[in-house]
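The values are calculated or read from the model by the stated rules, or taken from the named source; none is laboratory data. These numbers were taken from a predicted model, which means no experiment stands behind them. Backbone-built Cβ (ideal geometry, glycine too); neighbour counts: all protein chains shown.
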Amino acid sequence: MQRESARSKRDPSAGRQDRSKASRPAGVRYRPERAAVRPLMPEHWPAYEEYQAKNDREIPVVLIEPTAFGRPPSSGRAARLDAVVRRGLSPPGGRVVPPTHRPRGTLMTDRTTDGTASTPSAAQGAGSAAGDDAVRTAGRLRRVAESSEGLVVLDPGISDEEMDGWPAPVPEEIRALLRVVGGVRITVSRSAVNGHLSIEHVDLGHPFNRGCYPAGDSSWYVEHAGGAGTHWFVYLDHGDGHTYVDVDRVTGAWGPVFRFWDATDSVRVAPSLTAWLERLADCLEEALASARAEAGPGTAIEVRTFGRHFGDRWPDPEREATTVEPVTAAAARLSGDPLLREAAAALPDDALLADLRSVTGPAAVDFPLPVSCRYARWSAGALLSATAWDGE
């Protein structure tokens, strides 16, 4: 999934490639800078300590930086991606205006995936059922954590006051979940050298949404996903995947869960945040049961055994996704489908639009665009569009 360029030591414009989608300039860190970075390595690469223990030499630490601060590679799709400037971003045509926040306790007309408006009572009933599902999911995650021997830990719930300050509106059924569970920390490995733990963190209040990012400004990713207020990041994995929930620009409802990388490919991984968390709970329960059986009666679960079983069950969504081919917005405007025509009317001719309605499980779309793109979702996440974007 990740590889170091053979040129990185002799050419500072060469760098790591994530999923063969992008490369970034690299620089080898020397003391004392290396001393500051070195303790962070096992968190992202659990086998790092074991590799070091088998070698007498000092393993180099390479810092990967955005090309906005260095010269871009000379050619190829990765080079075109690296030419994207990741600071001072604004969407084409002006600033992003987040959707109006819906006051709690008020009703709002929702739209169904066929484009028709539902009645307020139906929307209220659907919201109530979704809220009940969210509460059940929160309870299930709590039971998983309590039985995990400390391998699964829940973050504290998030207050309404904090959620009120988010750039995306938070519907009541989502608040019901987040008041109880703010995130899930999953310990997947422990270093044999120093005991360092590697943890996967599902963060339902991720600071990434508010511009906080250890490597710098996160605004490029916020715009890549469609702009502030149109989505909510919940998980950043070690393979450079960014998982987020669609936030409907009209109703403020939270819809399907999507994942993207740095380039122009995306996967719809689940129909809702609750469904995605239920899948997470499934994987955790199965991994704990398998690790417990492998350990035997009266023996504590071994961290790496649990991590291995969890990794086997928490798959890359591309593995099981159905591929959907996009069409141009110009072609979609000629369609007999009113939803396609409505979405395409708001897009430039050369934008691409994928109809995900025929796929019930994960759906993958690779938009053939030359550089990068800004995504948008339409009709409660039933359609996914990509508009060419140079990052500026």
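Summary of values
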quantity: Elements of type helices (runs of 4 or more DSSP H) contained in segment 298-392, each with 2 or more residues being aromatic (F, W, Y); calculated: 303-313
quantity: Cross-chain or 6+ apart pairs with Cβ under 8 Å, segment 366-382 first and more than 9 Å from T264 (Cα to Cα), then of a type in the set (D, E) and part of a strand (DSSP E or B); calculated: R377/D246; A380/D246; G381/D246; A382/D355
quantity: Residue match in segment 203-215 (condition: on the phi < 0 side of the Ramachandran plot, part of a strand (DSSP E or B) and touching a residue at least 24 places away in the same chain (Cβ under 8 Å)); calculated: yes
quantity: Test result for L277, in a loop (DSSP other than H, G, I, E, B) and at pLDDT 95 or above; calculated: no
quantity: Odd one out for A293, checked against (1) farther than 22 Å from A363 by Cβ; (2) touching a Lys or Arg at 6+ places or on another chain (Cβ under 9 Å); (3) of a type in the set (G, A, S); calculated: (2)
quantity: Hits in segment 210-236 - residues which are over 18 Å from D164 (Cα atoms), modelled with pLDDT of 90 or more and in contact with a Pro (Cβ under 8 Å, 6 or more places away or on another chain); calculated: E223, G227
quantity: Any hit, segment 286-300, residues being surrounded by fewer than 19 Cβ atoms within 10 Å (Cβ to Cβ) and among the β-branched types (V, I, T); calculated: yes
quantity: Options V181, V245, V193: the member that is within 27 Å of R308 (Cβ to Cβ) and either assigned to a strand (DSSP E or B) or at pLDDT 95 or above (or both); calculated: V181
quantity: First in segment 275-291 and farther than 13 Å from G307 by Cα, second anywhere and surrounded by fewer than 16 Cβ atoms within 10 Å (Cβ to Cβ) and at pLDDT 95 or above, Cβ under 9 Å, 6 or more apart; calculated: A281/R143
quantity: Test: residue in segment 125-136 that is aliphatic (A, V, I, L, M), surrounded by 13 or more Cβ atoms within 10 Å (Cβ to Cβ), touching a helix residue (DSSP H, G or I) at 6+ places or on another chain (Cβ under 8 Å) and at pLDDT 95 or above; calculated: no
quantity: Residue check for E318: under 21 Å from P256 (Cβ atoms), in contact (Cβ under 8 Å) with a residue 24 or more places away in the chain and surrounded by fewer than 15 Cβ atoms within 10 Å (Cβ to Cβ); calculated: no
quantity: Answer from T187, T251 - the residue that is assigned to a loop (DSSP other than H, G, I, E, B) and not charged (D, E, K, R); calculated: T251
quantity: Subset of segment 216-229 [part of a loop (DSSP other than H, G, I, E, B), under 14 Å from the mean Cα position of the chain (by Cα) and within 21 Å of G255 (Cβ to Cβ)]; calculated: A225, G226
quantity: Candidate set from segment 183-194 (those that are of a type outside the set (K, R) and touching a Pro at 6+ places or on another chain (Cβ under 9 Å)); member that is surrounded by the fewest Cβ atoms within 10 Å (Cβ to Cβ); calculated: N194
quantity: Count of residues meeting criterion [among the small types (G, A, S) and surrounded by fewer than 20 Cβ atoms within 10 Å (Cβ to Cβ)] in segment 195-204; calculated: 1
quantity: Residue match in segment 146-168 (condition: aliphatic (A, V, I, L, M), farther than 25 Å from I301 by Cβ and more than 20 Å from the chain's Cα centre (by Cα)); calculated: no
